[in-house]
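A.B. asks: Below you will find the structure I want to go over with you.
The values are calculated or read from the model by the stated rules, or taken from the named source; none is laboratory data. Everything numeric here is computed off the predicted structure, so don't read it as measured data. We place every Cβ from the backbone using ideal geometry, glycine too, and count neighbours over all the protein chains shown.
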Amino acid sequence: MQEFGREERVGAEIRRELALLLRDEARDPRLTQVTIQEVRVVRDLSHAKVFFTVMDATQAKDTERALNKAAAFLRRRLSDTMNLRTVPRLAFVYDKSIEAGLRLSSLIDQAVAKDEGRGD
């Protein structure tokens, strides 16, 4: 059984703490509908890439800008709650994988329906 590395453990903890911060302390209404999907931390723990999704995909760019603007505040709040010497710099990126998965699922369903319609 493989052990998780330090960067995976720190990423998981940042993910949990960010979700709580956004839920409880976000004043910007654009940030209330954010779901943190994954946090990837570099090996030296200096930077973290935070992947997120929103309910309304048309608001993704505005939400990404708002999150990156709030990154310093969120990092400072993380430093209060986490027991780390230095908290990684946060960079927020919209996660398109769910949209891509839904699109592929829809294409597969269409192909199956088309094959069933031919009676092959």
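A.B. asks: Do we find that ALA48 is over 26 Å from ARG6 (Cβ atoms) and touching a strand residue (DSSP E or B) at 6+ places or on another chain (Cβ under 7 Å) in this structure?
C.D. replies: Judged against the criteria, ALA48 is not a match.
A.B. asks: Is one or more of the residues making up the stretch 54-63 surrounded by 13 or more Cβ atoms within 10 Å (Cβ to Cβ) and in contact with a His (Cβ under 8 Å, 6 or more places away or on another chain)?
C.D. replies: No, the stretch 54-63 has no match at all.
Residues checked against (1) modelled with pLDDT of 90 or more; (2) of a type in the set (Ser, Thr, Tyr); (3) over 27 Å from MET55 (Cα atoms):
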| residue | (1), (2), (3) |
| --- | --- |
| PHE73 | yes, no, no |
| SER79 | yes, yes, yes |
| ARG85 | no, no, yes |
| PRO88 | yes, no, no |
| ALA91 | yes, no, no |
| TYR94 | yes, yes, no |
| LEU107 | no, no, no |
| LYS114 | no, no, yes |
| ARG118 | no, no, yes |
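A.B. asks: Same structure again: Could you check, for the stretch 68-83, whether at least one of its residues is of a type in the set (Asp, Glu), within 18 Å of ARG23 (Cα to Cα) and without any contact (Cβ under 8 Å) to a residue 40 or more places away in the chain?
C.D. replies: Yes - at least one qualifying residue is present in the stretch 68-83.
A.B. asks: For the stretch 71-84: of the residues being out of contact with any strand residue (DSSP E or B) (no Cβ under 9 Å at 6 or more places or on another chain) and within 21 Å of ARG30 (Cα to Cα), which is surrounded by the fewest Cβ atoms within 10 Å (Cβ to Cβ)?
C.D. replies: Selected residue: ARG76.
A.B. asks: Just the residues that are of a type outside the set (Asp, Glu), modelled with pLDDT under 90 and outside any helix (DSSP H, G or I), please, taken from the stretch 8-38.
C.D. replies: ALA26, ARG27, THR32, GLN33
A.B. asks: For the stretch 40-51, indicate whether the set of residues that are outside any helix (DSSP H, G or I), at positive phi and either surrounded by 16 or more Cβ atoms within 10 Å (Cβ to Cβ) or in contact with an Asp or Glu (Cβ under 9 Å, 6 or more places away or on another chain) (or both) is non-empty.
C.D. replies: Yes - at least one qualifying residue is present in the stretch 40-51.
A.B. asks: Looking at the stretch 1-39, which of the residues that are of a type in the set (D, E, K, R) and over 15 Å from LEU74 (Cβ atoms) is surrounded by the fewest Cβ atoms within 10 Å (Cβ to Cβ)?
C.D. replies: GLU3
A.B. asks: Within the stretch 85-100, restricting attention to residues that are within 16 Å of the chain's Cα centre (by Cα) and either hydroxyl-bearing (Ser, Thr, Tyr) or exposed (fewer than 11 other Cβ atoms within 10 Å of the Cβ) (or both), which residue is nearest to ILE36 (Cα to Cα)?
C.D. replies: Among them, the one singled out is TYR94.
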